[in-house]
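The values are calculated or read from the model by the stated rules, or taken from the named source; none is laboratory data. Quick caveat: nothing in here was measured; it's all calculated off a predicted structure. Note that each Cβ is placed from the backbone with ideal geometry, even for glycine, and that neighbours are counted across all protein chains shown. To get the accessible areas, we keep the full protein, side chains included, count just its heavy atoms, and leave off ligands, DNA and RNA. Shrake-Rupley method; radii C 1.70, N 1.55, O 1.52, S 1.80 Å.
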Amino acid sequence: MPEDILYSVRNLTVEYQTRAGAVRAVDDVSLDIRRGEILGLVGESGCGKSTLGKALMRLHTGPASITGGELWFDGRDLMKLPLNEMPDVRGAEIGMVFQDPMTSLNPIQRILDHLTETIHTHEPETSDAAARIRAEELAERLGIRRERLSEYPHQMSGGMRQRVMISLALALRTKLLIADEPTTSLDVIVEAKFLDLLQELQKEFGLTILLITHNIGVVAEVADRVAVMYAAKMAEVGDVNDVFGDSKHPYTQGLLKSVPNIRLGENELYKMEGAPPSLLHPPSGCRFHPRCPFVMDVCHTQEPAFEPVVGDHLASCLLYQKAGVKQESLNG
Amino acid sequence: MSPITLIALIVGIPAILLLVYIFVRGSTGLRRYILTRIGLTLPMVFILATLVFFVLRVLPGDPVRSALGPKGTPEMIARIRTQLGLNDPMIVQYGRFLGDMVTLHFGNSLTGGHRPIIDEMSERFPATLELVIPASILALVVGIYGGTLAAARRKRTLDYALRIYSVVIYSLPIFWLGLMLQLLFGVQLNWLPISGRIDPVIGTTIKHITNLYAVDALITGNWPAFLSVAEHLVLPTFTLGLILSGVFVRMTRINVIETLQADYISAARARGIREHVLVYGHALKNAMIPVITLIGLQVAILLAGAVLTETVFSWPGMGSYLVERISARDYTAVQSVITVFALLVALISLAVDVIYSMVDPRVRY
Amino acid sequence: MTEIKEHPPEIPAEDTSWEAEIQRVGFIRRILMARRWYGADWWFVSISAVMVVAFIVVALFPGLFAPYSPDALVGPRFLAPGQHPEIPVLIVPKDSSINTLKDMAAPEGQPRPSIAVVQGVPTAGALNEQAQSIDNQTKNEPEGLRLRPRIERFTSLEETLQAVIDGTVQAAVVQSTEFDRVSAQFPTLRAGASITGETATAGGFILGTNDIGQDVLSRLLWGTRVAIIIGFSASIVALVLGVPLGLLAGFIGGSFDRLLSLVMDSLYAFPGLILAIAITAVLGPSILNVIVAISVLYIPTYYRIVRGQTLSVKEEIYVEAAQSIGARSLEILRLYIFPNVIPSVAIIFSVNVADAILTGAGLSFLGLGLPPTIADWGIDLARGQRFIQTAWWMITFPGLAIMLIVLAFSMMGEGLTEIFNPKLRER
């Protein structure tokens, strides 16, 4: 595996068992996360991005499970690890920040204890005093005054709690931080501060960040590269300027058009036709074909491969794939 | 010093100290909460005592006449009625009743020797305690551990087995369980005694200090007495404890399941905290909070169960006393016993609420 | 069986979803399809539903199932389950005209009849008793017949019977079961009537008899009626009183709510059985009083749950919306709050019936509540306790019956809770 790729996801499939049968929330998805980058993962609600995020730590329980694929993290396939060794990876090498910091913290546990517990879980030889010192330093680094560490979660503000979540995720030598909709519950100003913090962490610690969100603006601002998911499949991946400046997949194009833009002064908001498909009975061929403005006959029957269109810019669209011959995009 | 006073001191002094401590160290929120709870307890006892008073006064017929039976001449009846103040207007009687209850003036038994009721109760009450405390401990341990286990293994065989266990236990009439245990262990296997607190012969060697026979035996180093008490305790404790455990299993299971679905549990899992720490550490501790309040409510079931268990095993406690006195139409005694029960229930639920407020920091700050 | 339900990720499902499918099938199919979805909980509810129906049927028509009337003294006392009653019968030659002991009475002056018994068997005592009582009866009648038999003892059963054949004695008195055993060897003899007048039952009593000779099985089946009546009546009364109070308290609020809730909470916290004991002690033993006492216990349960639900529904936006377009309070109660409250009430009802039956049995076990003339499981248990050393069947079966019926109702309640409660489903 090339040195600059931290996490290589290959052909990942995650299934949920439901009343009506098995649903694939993530269907044969491949993605590379490079060291030191901020990778944005966007898509509508229910496209599978959160599921993908959780799968990176094999966090699923109950009716959801990974039914196929490989997870090459830092040179080893996590799928080959026995499940009871995953806790060693979680929190230590891969960390996760969740959407709602209020409910993500144990209401009857002090903040300091959250931190020291994490430290002790992964490094049990650490003395209580040493753990405490580390926790305090970490908190200070992230802008939390040490006196506040003995408080309970409900005594803190939303932004503060989100910082606590980050500090928890970084308590050890984390290489990858997965942020699942981290700013959705924050107001705009706090959100801005949070994003700044993320970029600082990236620069200072060389932290790799996977930022999962449905907010394209956030991604455009901080991400280096972006991945777009649609209906449990990967639609497009590439440098953020390429994907947003010169989108290849019609879905991405529609997505960008939907973002309200003050300057253009349009009277009506653009709306994509149709609705996201049921994952229980997905459309045949290309999943986007019922809504695609450029749909061709072959799209009804053949599934597009996820392939490079230009250099590192990949897309799964038959517009660029005709019998193995790549074509220039039909639309700039 | 009478045993009741002794027990009251042993329990009361630490309780008062604790309350003072909470008051001094606790935040205003906590203080306000405790005061409110104490404030609500009084009306509760008041209401129950009033209920008792009126319920027993609604009698068709004359309690004194039925108590004295055919031997009672009209003059005797009239004299006793005046003595007991039964001819006074209701309001006066009620006032006197309240005053008496507050000062623990329970009066004398209407029948059977006219013993002061408080003497009877100071023998009976420790007996009930001796039964109820080990039973509760058993029920809590089995119940909480079982419930958590069922929640951790949800939808798998152990969960269904434990759920069936709790439903079956709940449906088991406690008196039938007692009888069956008596049949098996007492009659057919002849391993354990089936009635009483202690072997009557050995019983004469006990010194009555607290009237908790086990404790008294230990204090005085009376080993054979201790063994005899322990023997007699096994079946009734097991009966009461087992039935109660069914309730706890169900309560704990539901609460732990709900707690396990909380976000902070998956967040903790994402930090690498191990499953068993999640279940028994985080989830259980959080789940215990609502369970604690429910435990307070179980006191009612405990007392009801005690009444039945004591009857089955001829255990001379408050429960069997109540039943006896009712059959003997001794209404003064019945009234006193029920008032004591009401007081007990009120105090325990107060204590539970206080503990709850200490455990859940969201209430504190 | 597919594993249990999971809500698919929040994609609006098309009409191929199971919700749409369900609308298209009939009720029965819906129940069967539910089995796939709810898994083991479906079994919980179904099995218990079948049991509940069975109990109700027995309660409605106990006479159809019970071999005897519950009060009838149909057999010897303390008969173990399946044990054949030992009844002393008169054994006579096949051609004899004698059938009962009374037939052997003769006028004064005639030689006394001889009757043979087996030595060491207590039939002689019964024979003497019967003979004496018949004698006392007949000598006062117009014919003035006397019956003072001579009792001849023989060492073995065979000798006893042989004596009848030989003519040494007019008749023999042996246990019916003994005679049945050897009757083939004595073809010229036949069994007449029992000397005590008890009827011989071919199969014995399936669950035995109690201390005064009543059939345990029949009492068990008839007891179902009492249990179900108490259980349902008490729960219905409590429901009828508790639900409206809860609705009102939740809806109106204010000091009415506070006061009522205080009373209800006090009642709820107090041990139910003890309250019931006090009430029945005051009102006296009768089935109606028991129902009243028990229903008082459960009013707070309905009250609290309904009040809680009412409070939470009241906060819902659609109620506010309805108020803003001028809907009257009663309409709001009826149209919005009441329907939301029904599922919880149904579950509580089921569990309540179970609890009421238990409490009722407890009351009669303690000797309070029901008059002793009614066949009831609790009373039978109390009776049985006195004979725990000798007659284990007297306490085993009534208790088992209580347990099964309570189990049926609680299982149903428990299963319904899992199915109705969305919080207990996995995400």
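So in segment C:384-410, with the set limited to residues that are assigned to a loop (DSSP other than H, G, I, E, B) and facing another protein chain (nearest Cβ under 8 Å), which one is surrounded by the fewest Cβ atoms within 10 Å (Cβ to Cβ)? Don't jump to the end; show me each part of the working.
Restricting attention to segment C:384-410, the residues satisfying the condition of being assigned to a loop (DSSP other than H, G, I, E, B) are C:387-392.
Those still in the list that are facing another protein chain (nearest Cβ under 8 Å) too: C:388-389, C:392.
Details: C:I388: 17, C:Q389: 12, C:W392: 20.
Only one residue fits best here, namely C:Q389.
Looking at A:A139, A:A135, A:A130, which is the one that is in a helix (DSSP H, G or I), surrounded by fewer than 16 Cβ atoms within 10 Å (Cβ to Cβ) and among the hydrophobic types (A, V, I, L, M, F, W, C)?
A:A130
Which one of these is touching a Leu at 6+ places or on another chain (Cβ under 9 Å), in contact (Cβ under 8 Å) with a residue 12 or more places away in the chain and part of a loop (DSSP other than H, G, I, E, B): C:P300, C:P285? Reasoning before the result, please.
Numbers: C:P300 fails: part of a loop (DSSP other than H, G, I, E, B).
The match here is C:P285.
For segment B:177-187, check the following and say yes or no: at least one residue is in a loop (DSSP other than H, G, I, E, B) and either within 20 Å of the chain's Cα centre (by Cα) or not aliphatic (A, V, I, L, M) (or both).
no
Conditions (1) under 30 Å from A:R76 (Cα atoms); (2) among the small types (G, A, S); (3) more than 14 Å from chain C (Cβ to nearest Cβ), marked per residue:
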site: A:A179; (1), (2), (3): yes, yes, yes
site: A:L195; (1), (2), (3): no, no, yes
site: A:E200; (1), (2), (3): yes, no, yes
site: A:G217; (1), (2), (3): no, yes, yes
site: A:V226; (1), (2), (3): yes, no, yes
site: A:M229; (1), (2), (3): yes, no, no
site: A:S247; (1), (2), (3): no, yes, yes
site: A:H289; (1), (2), (3): no, no, yes
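Listed here are the residues, each with its yes/no results for (1) of a type in the set (D, E, K, R); (2) open to solvent by less than 50 Å² (accessible area, probe 1.4 Å); (3) in a helix (DSSP H, G or I).
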position: A:E191; (1), (2), (3): yes, yes, yes
position: A:E200; (1), (2), (3): yes, no, yes
position: A:L210; (1), (2), (3): no, yes, no
position: A:H214; (1), (2), (3): no, no, no
position: A:M234; (1), (2), (3): no, yes, no
position: A:V243; (1), (2), (3): no, yes, yes
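For B:V168, are the conditions met, namely being among the β-branched types (V, I, T) and surrounded by fewer than 19 Cβ atoms within 10 Å (Cβ to Cβ)?
For B:V168, the condition - among the β-branched types (V, I, T) and surrounded by fewer than 19 Cβ atoms within 10 Å (Cβ to Cβ) - is met.
From the set of residues in segment A:73-88 that are buried (at least 19 other Cβ atoms within 10 Å of the Cβ) and touching a residue at least 24 places away in the same chain (Cβ under 8 Å), which is farthest from A:D27 (Cα to Cα)?
Among those that are buried (at least 19 other Cβ atoms within 10 Å of the Cβ) and touching a residue at least 24 places away in the same chain (Cβ under 8 Å), it is A:P87.
Would you check if B:P126 is surrounded by fewer than 21 Cβ atoms within 10 Å (Cβ to Cβ) and within 26 Å of B:A214 (Cα to Cα)?
Numbers: surrounded by fewer than 21 Cβ atoms within 10 Å (Cβ to Cβ): no; within 26 Å of B:A214 (Cα to Cα): yes.
Considered against the rule, which asks whether it is surrounded by fewer than 21 Cβ atoms within 10 Å (Cβ to Cβ) and within 26 Å of B:A214 (Cα to Cα), B:P126 comes out as no.
Residues of segment A:280-315 being open to solvent by less than 50 Å² (accessible area, probe 1.4 Å) and part of a strand (DSSP E or B), which ones?
Correct list: A:V309, A:H313, A:L314, A:A315.
When you check A:E85 against the structure, is it within 14 Å of chain B (Cβ to nearest Cβ) and among the acidic types (D, E), yes or no?
The answer is yes for A:E85.
So which residues in segment C:258-274 are more than 29 Å from the chain's Cα centre (by Cα) and not polar (S, T, N, Q), if there are any at all?
C:R258, C:L259, C:L260, C:L262, C:V263, C:M264, C:D265, C:L267, C:A269
For segment B:299-344: of the residues being free of Cβ contacts under 8 Å to residues at least 60 places away in the same chain and of a type in the set (V, I, T), which is farthest from B:L235 (Cα to Cα)?
B:I326
Given the criterion open to solvent by less than 40 Å² (accessible area, probe 1.4 Å) and either farther than 30 Å from A:S258 by Cβ or among the hydroxyl-bearing types (S, T, Y) (or both), identify the matching residue among A:A179, A:A169.
Just one listed residue meets the conditions, A:A169.
Of the residues in segment C:275-310, how many are surrounded by fewer than 21 Cβ atoms within 10 Å (Cβ to Cβ), within 8 Å of chain B (Cβ to nearest Cβ) and among the β-branched types (V, I, T)?
Counting residues in segment C:275-310 that are surrounded by fewer than 21 Cβ atoms within 10 Å (Cβ to Cβ), within 8 Å of chain B (Cβ to nearest Cβ) and among the β-branched types (V, I, T) gives 1.
What's the number of the condition A:A64 fails, among (1) open to solvent by less than 30 Å² (accessible area, probe 1.4 Å); (2) within 21 Å of B:I265 (Cα to Cα); (3) under 13 Å from the mean Cα position of the chain (by Cα)?
Tallying (1) open to solvent by less than 30 Å² (accessible area, probe 1.4 Å); (2) within 21 Å of B:I265 (Cα to Cα); (3) under 13 Å from the mean Cα position of the chain (by Cα), A:A64 fails exactly one: (3).
Only one of C:I274, C:I305 is within 23 Å of B:L308 (Cβ to Cβ), modelled with pLDDT of 80 or more and of a type in the set (V, I, T); which?
None of the other options fit; the residue is C:I274.
Can you tell me which residue among C:V263, C:V313, C:V290 is modelled with pLDDT of 85 or more and within 30 Å of B:T41 (Cα to Cα)?
After applying the criteria, what remains is C:V290.
If B:I209 passes every condition in (1) part of a loop (DSSP other than H, G, I, E, B); (2) β-branched (V, I, T); (3) more than 24 Å from the chain's Cα centre (by Cα) but one, which one does it miss?
The failed condition is (3).
Which count do you get for residues in segment C:364-382 that are within 13 Å of chain B (Cβ to nearest Cβ) and either small (G, A, S) or on the phi > 0 side of the Ramachandran plot (or both)?
So the answer is 5.
Answer yes if at least one residue in segment A:94-109 is at the interface with chain B (Cβ under 10 Å from one of its Cβ atoms), open to solvent by 20 Å² or more (accessible area, probe 1.4 Å), closer than 19 Å to A:H122 by Cα and modelled with pLDDT under 90, and no otherwise.
Among the residues of segment A:94-109, at least one is at the interface with chain B (Cβ under 10 Å from one of its Cβ atoms), open to solvent by 20 Å² or more (accessible area, probe 1.4 Å), closer than 19 Å to A:H122 by Cα and modelled with pLDDT under 90, which makes the answer yes.
Look at A:E37 and say whether it is within 28 Å of A:E200 (Cβ to Cβ), among the charged types (D, E, K, R) and modelled with pLDDT of 90 or more. Can you show your working first?
Working: within 28 Å of A:E200 (Cβ to Cβ): yes; among the charged types (D, E, K, R): yes; modelled with pLDDT of 90 or more: yes.
When the stated conditions are applied, A:E37 passes them.
Kindly evaluate C:L79 against the criterion of being outside any loop (DSSP other than H, G, I, E, B) and either open to solvent by 80 Å² or more (accessible area, probe 1.4 Å) or not assigned by TED's automatic domain parsing to the domain that holds C:D215 (or both). Walk me through it before giving the result.
Values: outside any loop (DSSP other than H, G, I, E, B): no; either open to solvent by 80 Å² or more (accessible area, probe 1.4 Å) or not assigned by TED's automatic domain parsing to the domain that holds C:D215 (or both): yes.
Here the answer is no, as C:L79 does not meet what is asked.
Can you tell me how many residues in segment B:171-206 are within 14 Å of chain C (Cβ to nearest Cβ), among the polar types (S, T, N, Q) and surrounded by fewer than 19 Cβ atoms within 10 Å (Cβ to Cβ)?
Residues meeting the conditions: 3.
Being more than 24 Å from A:M57 (Cβ to Cβ) and touching a residue at least 12 places away in the same chain (Cβ under 8 Å): is that true of B:V279 here?
Against the criterion (more than 24 Å from A:M57 (Cβ to Cβ) and touching a residue at least 12 places away in the same chain (Cβ under 8 Å)), B:V279 does not qualify.
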